[in-house]
Amino acid sequence: FFLGGLRANFHSRMLLLLLAVVIGYIAYVAIGRWIERRVAETRLGEQRRALFPPEVGISPGARELAESPDVELKKELYRIRDGSQIFFHILKPKGKTPTHALVFLHGYSSTGDLYLEFLSELARSGAMVLIPDLPGHGRSDGLLLYIPDWWVFVDQVWTALELVL
């Protein structure tokens, strides 16, 4: 009698475990599809550029900087050798020759627009500040936040910087 009860208890626990795994998998798929629907229109660089045209600043500080009397803001797409495009913000002091160049690389899942207001102070002090949207970020080409090969990613950034400098 005792062993029979253990077997029944074991089988009911296994069924509960199986049920929990199935429910967990269904929830995982459902959440993944929900997230995918939310970001589908921003998956590619072209789509992100259509939603956020380069001539329009994303943040309030970026919009104000476009009208600044002492900082020149250029926004340009550069095509690199693999055919993809990297978007750059280039800040320079207006009416002065830059004394040095700085490159600012934003973090994962970010964009250069968010730092323009802060970085404009460096341009006011005489620096030319280069702010690329890294591949797969912001207005640059690439699948949103996807870095399939780190060394290809680094090469794309390096190649783009060589074009700008």
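For region 144-165, give me the residue count where each residue is surrounded by fewer than 12 Cβ atoms within 10 Å (Cβ to Cβ), assigned to a helix (DSSP H, G or I) and hydroxyl-bearing (Ser, Thr, Tyr).
Residues in region 144-165 being surrounded by fewer than 12 Cβ atoms within 10 Å (Cβ to Cβ), assigned to a helix (DSSP H, G or I) and hydroxyl-bearing (Ser, Thr, Tyr): 0 in total.
What are the pairs, 6+ residues apart or on separate chains, where a residue within region 81-94 that is closer than 16 Å to Gly138 by Cβ has its Cβ under 6 Å from a residue that is assigned to a strand (DSSP E or B) and among the aromatic types (Phe, Trp, Tyr)?
Ile86/Tyr78
For region 111-146, give me the residue count where each residue is touching a strand residue (DSSP E or B) at 6+ places or on another chain (Cβ under 8 Å), acidic (Asp, Glu) and within 20 Å of Gly95 (Cα to Cα).
0
Only the coordinates and a few stated rules stand behind these numbers; no lab work does. This is a predicted model, so every value here is computed, not measured. So basically every Cβ, Gly included, is an ideal-geometry build from the backbone, and we count neighbours across all protein chains shown.
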